[in-house]
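The values are calculated or read from the model by the stated rules, or taken from the named source; none is laboratory data. Just so it is clear, the structure is predicted and the values come from calculations on it, not from any experiment. Neighbour counts are summed over all protein chains in view; Cβ atoms, including those assigned to glycine, are modelled from backbone coordinates with ideal geometry. SASA here: full protein model, heavy atoms, side chains in, ligands and nucleic acids out. Shrake-Rupley method; radii C 1.70, N 1.55, O 1.52, S 1.80 Å.
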Amino acid sequence: MAITAFGAGGGPAAAVDAAPKRRSWVALFLLLPGILYLVLFFIVPLVSLIITSLETQSPDGAFAYGFQWQNYVDSVGTFGTQIWRSFFFAILATVIALLFSYPLAYFIGVKARRWPLLQSFMLILVVAPFFISFLLRTLAWKTILSDDGPVVSALKGLSLLGPQAHITGEPIAVVFGLTYNFIPFMCLPIYTTLERLDIRYLEASSDLYAGGWATFRKVTIPLSLPGIVSGTLLTFIPAAGDYVNASQDFLGGTSSTMIGNVIQSNFLVQENYPVAAALSIVLMFVILVVVSVYVKRSGTDDLL
Amino acid sequence: MTPQNSFADSGADLELTGISKRFPGFTAIENLDLTIPAGSFFALLGPSGCGKTTTLRLVAGLEEPTTGQILIGGKDLTRTKPYQRPVNTVFQSYALFPHMTVLDNVAFGLKRRRMSDPIGKAHEALRLVELDHLAGRKPQQLSGGQQQRVALARAVVNRPALLLLDEPLGALDLKLRRQMQLELKTIQNEVGLTFVHVTHDQEEAMTMADTVAVMNKGRIEQMGAPEDLYELPHTAFVANFLGQSNLFTGPVSSSTSNSISVEVGGRRIVVPKDRAQVHDGTVTIGVRPEKLTLLTAAPANDSGENVIGPGRVIDVSFSGVSTQYVVAVPGVGDIIVFAQNMVFGPVVEVGAEVWMSWTVDHGFGLSDSPELVSAGA
Ligand SMILES: Nc1ncnc2c1ncn2[C@@H]1O[C@H](COP(=O)(O)OP(=O)(O)OP(=O)(O)O)[C@@H](O)[C@H]1O
Ligand SMILES: [Mg+2]
């Protein structure tokens, strides 16, 4: 028995040869639900969206299949400002959310390790907004920031705001809303990496003549980079396409419309499907390019 | 003090006065006083959990002492930050930065101090530990022993006035370990740096260090030159931790101006007074196994020799250069004898009746007894 196990018998050798093949079948089988899911919920809608974006409109208003590339040129030409504004707002909100979230996540994940109770309490506070609907919270901010709300009255009282000025409807309110709504998405991934940060690396750095700032720059930041990258992506991607904060029913106004609002109104109000579809694809494409450049530059490609 | 951007041109002396360190509910270091002269190679030996790493962390500034002062090169650095101290550490857990290559790890300290040519110096340090060919790898791609050598290079490359080594060679095989010991000795001698070396390996401690300290339960039990520590241990702990010892406890039956006699198993064992810590009452005396001579017949009385026996050989184990015999002596206990293999094979068999003798000057008297040590544990 023991001898045949090591011998070059036909049986075992054949089994060894068959193993990789069998494994690839198993892998395929395991991937099957994922592939089905992708085809059903991503590929099919994407193809349908592309087809819609190329449709032509006949004079009587009906849409027909076609290769109307002009749709792209028209929509980008008409809504260029909104596209730029969307990315500008999204980047601004991502940066502000990062500046706010990193110290918070650092405190919860590193400094508060000695007090587990405080740590859990603060984590709950970060997650707590999720218990209330996103729409309700944004509406609440609309009330707080409204012209007769406490913030505007206080700022006017302090003469920091002119008598005719508003906050709601202005870009500042939209960026504020985006930042506020996405802070948990920024904070949690950063917290997860910082929570696992081994203090011994910081000690080693300190032992090797690095002061607090140098240690932060050379050790803490690089070791928490995966969290920063996933946090910024989780903030930037949805923020760029967001249509709630910039909606005029919420914090936005005519001067702060984002591409999400344009798509929404073209799809649902004006029923101009090709333009809405073309804008969606442009948005997706730009996000893809921005994200891949960003991920490549930050050296965390293995994250994708 | 800002980190100087040149190498230390000599070692610094280290002085700990009245250091204690209490963790919540646990005292790790108790009232430690220690002076290590500049340029010396100091070895800290002790069982696991006795506070060796904690002592090094206090010196490096990674832990703040509860009481006491830390002086390095005559300056009180008790309250300074680790990066302000002229100290580097080879960490027991290596703590190599996982996001940097081996080379960047080694160059890290040099770059922080804005030394000239950090990369060249890092390569040089890596050559010293024979790892220059792996400079581009990440630490996770190295074996445990290779990581340990990178940790060594990362600390040594800074040529600090005081280098702390926390079991820096523990993961290396014997040959590589010997080689690294030589390298360390060379670096230390070259610049006259001060090394504090924590190790489990007593042989390493005794061959490399000028001074060895044996630590137990947060206190230094005994400190001195390796030969002194080995030949004249003061406590039962040291006698058993450094090598092996045969210990006997009995009452002092008589004493002369320069020696005491202790009753052991109906025989009188003589120990010189200057080699005994306690001169009256019940004392524990000892002798190293290699100092004993095995005799197959009762020896004639000789005032310069102590004799114990007869006993019966209950175990013989051959280990190449020497043979270890275990002899059961009624009323005394088991005694271990190391005999050099001057002839082929063991000289006596299991079951043989033997006597053991040793020169009076080879015995030592302890300040405590093994029973007290175990009772205190
Ligand atoms: N942060 C801490 N909190 C509480 N107790 C601690 C802490 N650090 C160390 N200790 C305790 O202090 C004692 C000494 O620890 P230390 O790490 O100095 O041991 P050591 O001599 O280096 O042991 P080893 O040889 O196993 O490395 C141990 O009993 C340990 O449990
Ligand atoms: Mg230790």
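Between the listed residues B:M100, B:M206, B:F7, the Cα displaced farthest toward the positive end of the dipole of chain B, a dipole computed from Cβ unit charges relative to the Cα centre, is found at B:M100. Have a look at segment B:112-130 and report residues whose accessible surface goes down by 20 Å² or more when the remaining protein chains are included, against the chain on its own, probe 1.4 Å, ligands and DNA/RNA excluded. Buried by the other chains: B:R112, B:R113. Ligands, DNA and RNA are left out, and with a 1.4 angstrom probe the accessible area of chain B is 44 Å² per residue. Summary of the geometry: segment B:257-330 and segment B:89-167, compared by the centres of their Cα atoms, lie 50 Å apart.
Dividing the summed -39500 (n - 2.57) terms of all DSSP H runs of n ≥ 4 by the residue count of chain B sets its mean residue ellipticity at 222 nm at -7000 deg cm²/dmol.
Contact-buried residues of segment A:173-210, at a threshold of 30 Å² lost accessible area versus the chain by itself: A:R200, A:Y201, A:E203, A:A204, A:S206, A:D207, A:L208, A:Y209 (1.4 Å probe; DNA, RNA and ligands ignored). The accessible-area ordering, largest first, of the residues B:W355, A:W141 stands as A:W141, B:W355, per a 1.4 angstrom probe.
Shown for segment B:5-231: lysine pairs separated by 8 or more places, or found on different chains, whose C-alpha atoms are under 22 Å apart, numbering 13. Between B:Q84 and A:I43, the FRET efficiency estimated from the beta carbon spacing at R0 = 56 angstrom works out to 0.40.
For chain B, modelled as a GNM whose springs connect Cα atoms under 10 angstrom apart, the maximal fluctuation among B:L292, B:L103, B:L142 occurs at B:L142. Sequence-ordered 3J(HN,Hα) estimates for segment B:298-306 from the Karplus curve with 6.51, -1.76 and 1.60 and θ = phi - 60° stand at 4, x, 6, 5, 9, 5, x, 10, 9 Hz, glycine and proline given as x. In segment A:79-303, one over the average inverse separation of all distinct C-alpha pairs is 19.4 Å, which is the Kirkwood hydrodynamic radius.
The heavy atoms of A:Y273 offer some 80 square angstrom of accessible surface to a 1.4 angstrom probe. Given a 1.4 Å probe and the protein chains as shown, B:V316 ends up with an accessible area of around 40 Å². For chain B, the carbon plus sulfur part of the accessible surface works out to 51%, probe radius 1.4 Å. In a simple Cβ point-charge model (Lys, Arg +1; Asp, Glu -1; nothing else charged), the protein assembly as shown has a dipole of about 1440 debye relative to its Cα centre.
The heavy atoms of B:V321 present about 120 square angstrom of accessible area, all protein chains included, probe 1.4 Å.
Accessible area per residue (1.4 Å probe, heavy atoms of protein chains only) ranks B:R312, B:R57 as B:R312, B:R57, with the largest value leading.
Ordered from highest to lowest accessible area with the whole protein assembly present and a 1.4 Å probe, B:S261, B:S10 read as B:S10, B:S261.
Atom-type composition of the exposed protein surface of chain A places 73 percent of the accessible area on carbon and sulfur (1.4 angstrom probe).
Surface exposure of chain A, expressed per residue as accessible area with a 1.4 Å probe, stands at 58 Å². A Förster distance of 25 Å, applied to the separation of the beta-carbon atoms of A:S120 and A:I221, puts the FRET efficiency at 0.45. Report the residues of segment A:222-236 in range of a label on A:F100: point 7 Å along Cα→C-beta, backbone N strictly under 17 Å from it. From segment A:222-236, the list is A:231-236.
Here the Karplus relation 6.51 cos²θ - 1.76 cosθ + 1.60, evaluated at θ = phi - 60°, turns the backbone of segment B:279-296 into coupling constants of 10, 8, x, 8, 10, 10, 10, x, 8, 6, x, 7, 8, 8, 10, 8, 10, 8 Hz, with x for every Gly and Pro.
Model label sites at A:W69 and B:I119, defined 7 Å from Cα along the beta-carbon direction, differ in position by 4.7 nm. For segment B:1-77 and segment B:189-220, compute the distance between their C-alpha centroids and round to whole Å. Spelled out, the Cα-based centre of one part sits 13 Å from the other. Counting only Cβ charges, +1 for Lys and Arg and -1 for Asp and Glu, the dipole size of segment B:5-231 around its Cα centre is about 1100 debye. Across segment A:200-217, computed HN-Hα scalar couplings (Karplus, 6.51 cos²θ - 1.76 cosθ + 1.60, θ = phi - 60°) run 5, 5, 5, 5, 4, 4, 5, 5, 9, 6, 8, x, x, 5, 5, 4, 4, 6 Hz from first to last residue, x flagging Gly and Pro. Excluding ligands, DNA and RNA and using a 1.4 Å probe, chains B and A jointly bury around 1900 Å² of accessible surface, summed across both partners.
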